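As structure tokens, the structure follows; a few thoughts come after it.
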Amino acid sequence: MNEAIWFLKRCPLFEHLTADECRRLEARARARTFPRKAVVYFPDEPGESVLLLTRGRVKIMALTPDGRETILAFIEPGELFGELAVLDPAPRSEHAEAVEDSHALAIPREELLWLMGRRPDVALSVTKLLGLRLRRVENRLKNLLFRSNRERTAAVLLELLASHGRPAGRGWEIGLRLSHQELASLIGATRETVTGTLGRLQKEGLIVVTRRRITVLDRGRLAAEVNGEAERCGGPTHQRVTR
């Protein structure tokens, strides 16, 4: 089997395509390789293609007006990104960077639109993906506006646990090696604030942090932190931060 077709078949979005549909996508897709820290695409680049990550890891980022980096999502092998090109070929609004050596297939926008018109199941999956990514951005915005740094940290840990979690001993490990700066970029806080917050959560027995790995020991109490209900779950009280 051709390598590009093999990668397409591994993606849940394309796993039920016919041989002819796979061959058409394979013929028009472009393989791209990115070393660690290489930019996959910049803001303002035309949205001419949707990318399928086949190896490595990519982060999607935006810059605040004061120049700070905000991480919107981490992309894992088998996932699409740059999917807004499906809706509009206008310039991209965020940029993507390889977290480690990565490989992707760039699928032209017109080809994915052709496939969506032919396959309602693919169209539905792409629509769900767009909705999921939009909801994630909306949740991050709500976190920034209405939650304290501690609550935002707990919310992001639970989000990462849902997408990258796995059982580990007496808890659930987040399967991403994240620096405190990367967590800060996810949360919208400073590295020093995140380091202090993680330290307090660890001291209180909610998490364990070891070498850029985070294991959640008490998901219930962490969820209570997000909802401002820590006292009812037996945790310490914390005054809400007002800004």
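Okay, here's what the table says:
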read-out	value
Residues located in region 1-14, provided they are exposed (fewer than 13 other Cβ atoms within 10 Å of the Cβ) and closer than 16 Å to ARG118 by Cβ	none
Residue within region 166-175 that is open to solvent by less than 30 Å² (accessible area, probe 1.4 Å), closer than 21 Å to GLU100 by Cα and outside any helix (DSSP H, G or I) present	yes
Sole residue being open to solvent by less than 80 Å² (accessible area, probe 1.4 Å) and free of Cβ contacts under 8 Å to residues at least 12 places away in the same chain, chosen from ALA19, ALA29, ALA38	ALA19
Output for region 15-60, where each listed residue is touching a Ser or Thr at 6+ places or on another chain (Cβ under 9 Å) and among the hydrophobic types (A, V, I, L, M, F, W, C)	ALA29, ALA31, PHE34, ALA38, VAL40, LEU53, VAL58
Among (1) open to solvent by 40 Å² or more (accessible area, probe 1.4 Å); (2) hydroxyl-bearing (Ser, Thr, Tyr); (3) at pLDDT 90 or above - the single one SER102 does not satisfy	(1)
Filtered residues of region 15-44 (kept if under 16 Å from LEU112 (Cα atoms) and among the β-branched types (Val, Ile, Thr))	THR18
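The values are calculated or read from the model by the stated rules, or taken from the named source; none is laboratory data. Since we're looking at a predicted model, the values are computed, not measured. Here the Cβ is made from the backbone with ideal geometry for all residues, glycine too, and neighbour counts use every protein chain on show. Protein only, heavy atoms only, side chains kept; ligands, DNA and RNA dropped before computing areas. Shrake-Rupley method; radii C 1.70, N 1.55, O 1.52, S 1.80 Å.
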